[in-house]
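What follows is a short report on a single structure.
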Amino acid sequence: MSDRWWKLMIPEHKFGGKHTELKLKIVKSYLDSYLITMRKSQFKNIYIDAFAGTGSRTQLQGDVPLFAGEQPQSIDVPGSVRLVLDIEDGFDEHIFIDKNPKHVQALNELVKDYPKKVAKCIEGDANAIVTSICRKTNWKKSGGPWGTRAVLFLDPYGMEVEWETLQAIAATQAIDLWFLFPISGLYRQAAKNWSSVDDSKISALNKCLGTDEWRSVFYQPKTQFGLFDQTEELVREKDVQALEEYVKERLKTVFTAWVSDPIQLYGPTGAQLYSLFFTLSNPSPKAHAVASGIVKHLKKTMR
């Protein structure tokens with residue numbers, strides 16, 4: 001089977017927009033700065049992408065076709081996987097995870113273009129695989145003479161990331177985490193009226209936030225006046241910014257070293273879609289100083 005034939009068969013992976021470009025620019029800039037700093041050390045450095053996709057994404061060019069029946073033009077642009085593999089003198093090892101077998105097939109073909117890079121493409125549930133990596137890696141003694149460090153990118157398709165996964169990441173004390181939190185998904189799942197929050201939404205929110213205390217935090221009793229009577233119902237008064245602040249406070253309970261203020265990413269309608277958090281599991285004051293300095297600089301330059 002020729003390489004050309006395979007590339008024609010790679011599934012289109014359509015997602016994102018300008019917020020995706022900004023997200024990737026921020027993470028790529030951090031990785032460049034991180035690697036420059038880590039080259040002075042003797043750690044083994046791993047990059048983990050838990051929702052890797054195909055390695056590229058399909059993006060439409062222009063807004064609408066000029067003529068009726070004309071199809072909009074599309075191009076493939078690099079995703080996080082290709083951007084990381086393109087880094088010269090980059091990570092010692094790369095781990096790419098996706099539950100879609102076609103995506104993993106595409107990733108395996110992609111890494112063939114980088115024969116000098118060490119890369120594993122793993123099919124399966126990101127929560128289970130990331131948790132296993134966190135628990136089985138001997139972060140302090142394996143790898144280089146000083147041990148192993150990693151940067152992990154959690155860019156889920158929805159609210160798939162479970163709280164137990166975040167706890168496993170924090171417990172390593174060796175992973176820098178970029179977490180694209182789907183704040184619009186949280187806003188939808190935590191419906192305005194408690195009567196609209198069914199069991200499936202409750203379960204999803206509990207797994208994502210690691211507690212059920214959000215019920216009493218988000219919802220307060222409110223009197224509803226009808227034509228002939230009045231009733232009391234639980235209503236969520238908190239807006240997106242208040243929900244985002246709650247997420248940050250929850251993250252701080254496990255990532256006690258540091259959780260950044262989120263970078264807000266907006267969709268084409270102006271609604272906030274995501275909150276991009278950076279969290280540090282390493283409790284070292286030196287690690288905090290270096291990482292926080294990089295992130296603060298990025299936030300200033302990316303405005």
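The values are calculated or read from the model by the stated rules, or taken from the named source; none is laboratory data. Given the structure is predicted, the values throughout are model-derived calculations rather than measurements. Cβ placement follows ideal geometry from the backbone for every residue including glycine, while neighbour counts extend to all protein chains displayed.
The conditions are (1) assigned to a loop (DSSP other than H, G, I, E, B); (2) farther than 30 Å from residue 43 by Cβ; (3) touching a residue at least 60 places away in the same chain (Cβ under 8 Å), and residue 273 fails exactly one of them. Which is it?
Failed condition: (1).
So, in the stretch 71-99, of the ones that are assigned to a strand (DSSP E or B) and surrounded by fewer than 19 Cβ atoms within 10 Å (Cβ to Cβ), which residue ends up modelled with the highest pLDDT? Working first, answer last.
First, pick out the residues of the stretch 71-99 that are assigned to a strand (DSSP E or B): 74-78, 93-98.
Filter again for surrounded by fewer than 19 Cβ atoms within 10 Å (Cβ to Cβ), leaving 74-78, 93.
On the way: 74: 49, 75: 51, 76: 61, 77: 71, 78: 82, 93: 97.
Here the residue is 93.
Filter the stretch 228-263 down to the residues that are assigned to a strand (DSSP E or B) and either of a type in the set (Ser, Thr, Tyr) or touching a residue at least 40 places away in the same chain (Cβ under 8 Å) (or both) and list them by number.
Within the stretch 228-263, the subset assigned to a strand (DSSP E or B) is 230-236, 258-259, 263.
Once the filter is applied, which keeps residues that are assigned to a strand (DSSP E or B) and either of a type in the set (Ser, Thr, Tyr) or touching a residue at least 40 places away in the same chain (Cβ under 8 Å) (or both), the stretch 228-263 yields 231, 233, 234, 235, 236, 263.
Please go through the stretch 190-205 and pick out each residue that is assigned to a loop (DSSP other than H, G, I, E, B) and surrounded by 12 or more Cβ atoms within 10 Å (Cβ to Cβ).
Taking the stretch 190-205 as the starting set, the residues that turn out to be assigned to a loop (DSSP other than H, G, I, E, B) are 190-192, 197-198.
Hits for the stretch 190-205 are 190, 191, 192, 197.
Name the residues in the stretch 100-124 that are crowded, with 16+ Cβ neighbours inside 10 Å, more than 12 Å from residue 55 (Cβ to Cβ) and charged (D, E, K, R), would you?
Those that are crowded, with 16+ Cβ neighbours inside 10 Å, more than 12 Å from residue 55 (Cβ to Cβ) and charged (D, E, K, R): 117, 123.
Filter the stretch 1-45 down to residues that are modelled with pLDDT of 90 or more and either small (Gly, Ala, Ser) or over 22 Å from the mean Cα position of the chain (by Cα) (or both) and give me whichever is surrounded by the fewest Cβ atoms within 10 Å (Cβ to Cβ).
By that ranking, first place goes to 36.
Given the conditions (1) modelled with pLDDT of 90 or more; (2) within 20 Å of residue 156 (Cα to Cα); (3) in contact with a Gly (Cβ under 9 Å, 6 or more places away or on another chain), and given that residue 55 satisfies all but one, which numbered condition is not satisfied?
Only one criterion in (1) modelled with pLDDT of 90 or more; (2) within 20 Å of residue 156 (Cα to Cα); (3) in contact with a Gly (Cβ under 9 Å, 6 or more places away or on another chain) is unmet by residue 55, namely (1).
State whether the residues of the stretch 292-303 include one that is β-branched (Val, Ile, Thr), farther than 21 Å from residue 168 by Cβ and surrounded by 16 or more Cβ atoms within 10 Å (Cβ to Cβ).
So in the stretch 292-303, the residues β-branched (Val, Ile, Thr) come out as 294-295, 301.
Now narrow it down to the ones that are farther than 21 Å from residue 168 by Cβ: 294-295, 301.
The next check asks that each one be surrounded by 16 or more Cβ atoms within 10 Å (Cβ to Cβ); those that pass are 294-295.
The answer is yes; a qualifying residue exists.
Which one of these does residue 208 not meet: (1) under 22 Å from residue 180 (Cβ atoms); (2) assigned to a helix (DSSP H, G or I); (3) free of Cβ contacts under 8 Å to residues at least 40 places away in the same chain; (4) out of contact with any Pro (no Cβ under 7 Å at 6 or more places or on another chain)?
Going through the list (1) under 22 Å from residue 180 (Cβ atoms); (2) assigned to a helix (DSSP H, G or I); (3) free of Cβ contacts under 8 Å to residues at least 40 places away in the same chain; (4) out of contact with any Pro (no Cβ under 7 Å at 6 or more places or on another chain), residue 208 breaks only (3).
What pairs come out if I take residues in the stretch 84-109 that are more than 15 Å from residue 126 (Cα to Cα) and pair them with residues that are at pLDDT below 95 and among the polar types (S, T, N, Q) whose C-beta lies under 6 Å away, six or more apart or interchain?
Correct list of pairs: 106/54.
Exactly one condition in (1) part of a loop (DSSP other than H, G, I, E, B); (2) within 15 Å of the chain's Cα centre (by Cα); (3) surrounded by 16 or more Cβ atoms within 10 Å (Cβ to Cβ) is not met by residue 158; state its number.
Status for residue 158: all satisfied but (3).
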